[in-house]
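What follows is a set of notes on a single structure, which appears directly below.
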Amino acid sequence: MNISHDWLRALVPHSLSPAELRDLITERVATVEELVALRSDLAPIVVARVVEAARHPDSDHLWVTRVDAGGPELIDVVCGAPNVVAGRLYPFAPSGTTMPGGLKLDRRKIRGAWSNGMLCSARELGLGQNHDGILELDVAVAPGTRFLDAVAAGDTRLVIDVLPNRPDLLSHLGMARELSAATGLPMQLPEIPGRAATVPAPVVAQREGKAGPLSVRVTDTALAPRYMGVVIRGVRVAPSPDWLVARLQGVGGRSINNVVDATNYVLHELGQPIHAFDLAKLEGGAVVVRPARAGETLVTLDGVTRTLDERITVIADATSAHAVAGVMGGRDSEVTEGTTDVFVEVAIFDPRRTRTARRALGLSTDASYRFERTIDPELPPIALRRVVEIITALAGGTVDAAPADLGGRAAPPAPVVLRVGQLRRLLGEPVPASEVVKVLSAIGFAAAMRPGTEMLAGDEELTVAPPTWRGDVVAEIDLVEEVARLVGYDRFPDELRSARPSAVPIPREWTLAASLRDALVAAGLYEVRPMPFVRGAEHGYVRVLNPLAENEAYLRRDLLDTLARRAEYNLTRMQGDVRLFEIGNAFAPGAGSLPAEEMRVAALVMGARRPPHFTESKPPAYDEWDAKGIAEDIARMAYPGERLELVPGTAAGELWRIEAGGAPRGTVRRVALDAPVWASPAFGVELSLGTVSSAPVALPGTHGYADAAAQAARATTEYRPVPTTPATEFDLALLVPDDVPAGAVEALLRRESGDLLESLALFDEYRGKGVDPGVRSLAWRLTLRHPERTLRDKEVEGRRAKLLKTLEHELGIRQRST
């Protein structure tokens, strides 16, 4: 969906920049995928200040100027404008710039003086017709600033990803509603220049009515639940004014003529597709909405002759079809320069039949896109009045009698009950009933307290009536989603709460890590989350096949090695008080292709035990007994209920060995650092929290694998490098006897294709005309790829010929010729 920033600002006058508007819409409404500056041709233009200006010695109308364009030196520019003044700011195009009109500027000599660019007028920039002088800028920016950053020159297109459940956003009106609610600014449709005709009240009927001289009929209201039409006489078809052309260009459209442009304008402004017919080309004084006849043809506006069938709804006159309903009009009744009277259709067509017609004809239009996603049932009379006003203001003409309105108004959406207590339980945060009413009312919902629930503070119930354009809101959970986005997702907590509905057990490792993290943070330590890569060595370390950096190409064996590097980083920056911990994995060579992985917790402390205080000259430093205390606290949490012992260490640097249940679990040791002489000693603690298995774990109540070997075999994953050479695809349509299974054909194809075959897929089966009885047509798609080079056409064709020859020789299968 394309939205014009200027057009949207005309509906809701705001001061947001395109980038600010993008962020607001993405946060509250829908994702803005792209901002497109429509005057990107002005990107090379900068703001420059004229520092010196003097008359050209050899000309009575030229000026020799020196300008500051933000560079280190002033630039010489010859200017022919009479209004150049030293000290003022002007748009400047340096040499090498291609101007909007296609002219490329070069450094050249003019009457003996060098000119290195051009000070630009409004017409030269495509911003108006004034060419009498250069464009003086009243902006507070530094020389060298991009012109587009300093001046609002040109529109910006917002490309928005509108999801299928929000068809109300497929218009500037829909986005304006959301913007008005978010900013609190009023919303109104922009005034149309010119004198518009008034539109009489429509005449409502069920299936047949009159619109001026035309008899309008809908054969089945299921085809068009609402169909409106009006005749306008005496129009003058001509080119559209600049403002209308700019509006359509802002959303990626193009101008055709003032009448057709008016219908497209309303399509993008209100979201209601509209079609105008040349009244003189409708025969029999009738307009009929009916199913197409089998074999009926129609030349659509794109010049293609299309064959229709009964699944397609058409707009016809007394004799033939003139438009595919909801998709595209016909060429025989299009509005041209010779048109003087028009019939304007505003309708709602059945979404399913619109989709069927669009797919059958291979057409996709702005109209079909909206009809397939449903239209607000109350929008047609608003859109009809708007398009008549625009057509008569731009092309003149008068309305011939009251419009026809067949089908009439639809039933309003059913109200939905919203329980404030349920809203709180689902969102995790309380939202007062008064705020719920306020935010929903801002986007068109009618919300009121249910009688008898006013006194239930926090558990009130609201009756909410959705507006007609929000047909997607049918249940309480839909309202919960609306409230969540309107009050702002950033208002809700981003952490996992203690109680949440789930049938999946929380892993012990996760809860243990969370508890250890809380305890170590409470003890004054800081958590780090470094990458697990180290310098390592050939033996005892696991090498990464595709390392991020060759100087750290190995997986670490212990966490204290990583924490030591972080401590050294702090010491090089004169920070000697270090209190770090990490919960992560360590790796060792495994028996198979995967390393043995173990989850651990590690802490490193050195320097002052606590921040300095006026009551002591110097805080005490960490020693080995502090490290032992940290180790005991961690071990109690990691191994509850088991007998803990800290026995003297035997390895170099090891102070104590931590044992739980008689088994070694970790160490307390002095950490060797590359440290300055003033640094305090560093002490480290590292404990194992359990091994990390690469095999799937059978949950209680499920069937596990037969044995560990089978389980490990099932868990092995084969990784392949991403291909760097292009693939070649071709299809084989084969006539296969009914008694030959498709599996036999596929096995032969795989065998004969060899190692170049990357994939093989059966994608079609056909029986019928052109295929003999007892035979079916099967089509396979083969993808071939060589791992080191591009396949040659001769190789592929040779492989294809070999396959066909073998199929005929071994299975009696031939290629289908048609």
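Please treat every number below as a calculation from the coordinates, not as lab data. Everything numeric here is computed off the predicted structure, so don't read it as measured data. Cβ atoms come from the backbone with ideal geometry, glycine included; neighbour counts cover every protein chain shown.
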When the helix-only estimate is applied to the chain (DSSP H runs of n ≥ 4, each -39,500 (n - 2.57), divided by the residue count), what is the mean residue ellipticity at 222 nm, nearest 500 deg cm²/dmol? -7500 deg cm²/dmol
Would you mind classifying the stretch 508-692 by shape? Square roots of the alpha carbon gyration tensor eigenvalues, ordered a ≥ b ≥ c; an a/c under 1.5 is rounded, otherwise it is prolate if a/b is larger than b/c and oblate if not. oblate
Just give me a number: lysine pairs in the chain, eight or more positions apart or cross-chain, with C-alpha atoms less than 24 Å apart. 4
Which semi-axis lengths, in whole Å and largest first, follow from the square roots of five times the eigenvalues of the Cα gyration tensor of the stretch 728-815? 25, 12, 11
Specify which residue in the list LEU735, VAL796, LEU757 is farthest towards the positive end of the charge dipole of the stretch 722-802, using unit charges on the beta carbon of Lys, Arg (+1) and Asp, Glu (-1), about the Cα centre. VAL796
About its Cα centre, the chain carries a charge dipole, from +1 on Lys and Arg Cβ atoms and -1 on Asp and Glu Cβ atoms, whose size in debye to the nearest 20 is 660
By the gyration tensor of its Cα atoms, with a ≥ b ≥ c the square roots of the eigenvalues, what is the shape of the stretch 40-150: rounded for a/c under 1.5, prolate for a/b over b/c, or oblate? rounded
So what's the angle, to the nearest 10 degrees on a 0 to 90 scale, between helix 379-395 and the longest Cα principal axis of the chain? 60
Under 13 Å, Cβ to Cβ, from PRO430 - net charge with Lys/Arg +1 and Asp/Glu -1: 0
With Cα atoms, 0 to 90° folded angle of helix 742-753 axis to the chain main axis: 70
From the residues VAL605, GLY295, ILE658, which one has its Cα farthest along the dipole of the chain in the positive direction, the dipole being from +1 and -1 charges on Cβ of Lys/Arg and Asp/Glu about the Cα centre? GLY295
The chain: antiparallel bridges as % of DSSP beta bridges, rounded to 5, reads 95
Cα-based shape type of the stretch 203-406, given that a ≥ b ≥ c are square roots of the gyration tensor eigenvalues and the cut on a/c is 1.5: rounded
So the angle from the long Cα axis of helix 793-811 to the longest Cα principal axis of the chain, reported in degrees to the nearest 10, equals 90
For the stretch 423-491, state the average projected area of the convex hull of the C-alpha atoms over all orientations, rounded to one decimal in nm². 4.5
